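Report on the structure given below.
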Amino acid sequence: MATDRQSDEPLVDVLGSVHSLLLDGPGLEDLLVKLAGMAVKVVEPPASCSVNTRYDGQPHTIVTSDPRAALIDEQQYSLGEGPCLDALNGKVVDVADQASEYRWSRYRESALELGVTASLSFPLIVDDQIIGALNLYGYDRSSSFSEADRERAAAVADHAATTLAFAARAVRQSQLSEQLERALASRSVIDQALGLLMGQQKCDARTAFELLRRHSQNTNRKLRDVAADLITRLTGQAPVDSRTFDLDDDSNGSPSG
């Protein structure tokens with residue numbers, strides 16, 4: 001009877017647990033690990049879980065609830081077949097009885113050797129894009145996953161998809177920020193070099209920029225590097241990022257009342 005009560009656990013309880021994880025504010029990788037741990041427990045009997053994705057065209061496991069789940073994923077990658085790979089292609093894959101499952105003949109033998117008796121794989125989809133898969137591997141099941149199991153696992157998979165999407169966006173945003181920072185730092189060095197050239201050559205900014213650009217092209221070097229060398233040569237000091245200056249500090253030179 002305890003099993004029946006757990007199987008009938010309201011879906012809202014699962015969603016509430018996920019919401020609590022979000023409020024705890026762990027890092028994105030930690031959150032995925034906790035979601036994988038949660039997915040393990042929302043089915044009865046408990047299974048093991050993996051979350052995987054594709055990177056550079058190849059499947060990779062991001063997090064697992066235990067080492068065996070990682071090994072099962074790796075077997076599918078090496079064989080080029082299996083439920084987690086089909087889920088990465090957008091299919092929900094329910095393996096009710098691994099012993100009588102012949103969709104993937106080579107994986108079937110490998111899965112049985114690793115003790116898999118049933119599995120359930122969900123594609124992780126955000127904005128109509130498949131960004132990964134959540135996989136549950138059962139070892140002690142006498143029958144397939146129940147409808148209640150599937151419903152609760154699907155809810156966790158939905159949240160895993162959102163979390164993975166946040167992680168991907170965070171990486172892209174971080175890369176964008178780093179590129180912007182490099183661009184701004186380069187702009188600062190180039191502007192300093194232009195000021196020096198304008199003073200040395202008694203010319204305007206456009207002419208100074210053309211001189212700098214021409215030297216960059218003739219030497220096949222980046223404009224920023226040419227500018228940095230010019231600053232070092234003319235001042236005897238390496239360039240600094242002018243954005244580090246405190247422009248609000250007017251204590252020196254401010255007219256007194």
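The values are calculated or read from the model by the stated rules, or taken from the named source; none is laboratory data. None of these values were measured; they are calculated from a predicted model. Every residue, glycine as well, gets a Cβ built from its backbone with ideal geometry; the counts of neighbours run over all protein chains shown. SASA here: full protein model, heavy atoms, side chains in, ligands and nucleic acids out. Shrake-Rupley method; radii C 1.70, N 1.55, O 1.52, S 1.80 Å.
Taking label points 7 Å from Cα along the Cα-to-Cβ direction, residue 151 and residue 103 give a separation of 2.3 nm.
Nearest 0.05, what FRET efficiency do residue 55 and residue 207 give at R0 = 45 Å with Cβ-Cβ as r? Intermediate values should be presented prior to the final figure.
On the way: r = 48 Å, r/R0 = 1.06.
It comes out at approximately 0.40.
Rounded to whole numbers, the Karplus 3J(HN,Hα) couplings from phi for region 146-152 are 6, 4, 5, 4, 4, 5, 5 Hz, using 6.51 cos²θ - 1.76 cosθ + 1.60 with θ = phi - 60°, and x at Gly and Pro.
Counting Lys and Arg as +1 and Asp and Glu as -1, what is the net charge of the other residues whose Cβ lies under 11 Å from the Cβ of residue 194? Before the final figure, lay out each step's value.
Details: positive: 187, 206, 213; negative: 191, 204, 210.
That works out to 0.
Protein heavy-atom accessible surface, 1.4 Å probe, per residue over region 48-107: 48 Å². If you take the beta carbon distance between residue 112 and residue 169 as r and set R0 to 45 Å, what does 1/(1 + (r/R0)^6) give as a FRET efficiency, to the nearest 0.05? Computed FRET efficiency for residue 112 and residue 169: 0.70. Here region 59-106 exposes an accessible surface that is 50 percent carbon and sulfur, computed with a 1.4 Å probe and the other protein chains kept in place.
Please give me the summed charge of the neighbours of residue 115: other residues whose Cβ is under 9 Å from its Cβ, Lys and Arg +1, Asp and Glu -1. Could you put the intermediate results ahead of the total?
On the way: positive: 68; negative: 113, 140.
Charge balance in the 9 Å sphere: -1.
Taken along the Cα-to-beta-carbon direction at a fixed 7 Å, the label points for residue 96 and residue 162 span 3.2 nm. Packing-based ranking of 68-77, 39-48, 129-138 yields 129-138, 39-48, 68-77, ordered from highest to lowest mean Cβ neighbour count within 10 Å. A straight chain from residue 219 to residue 70 at 0.36 nm per residue would run longer than the Cα-Cα distance by 48.5 nm.
Projected label points at residue 187 and residue 78, each 7 Å from Cα along the beta carbon direction, are separated by 5.1 nanometres.
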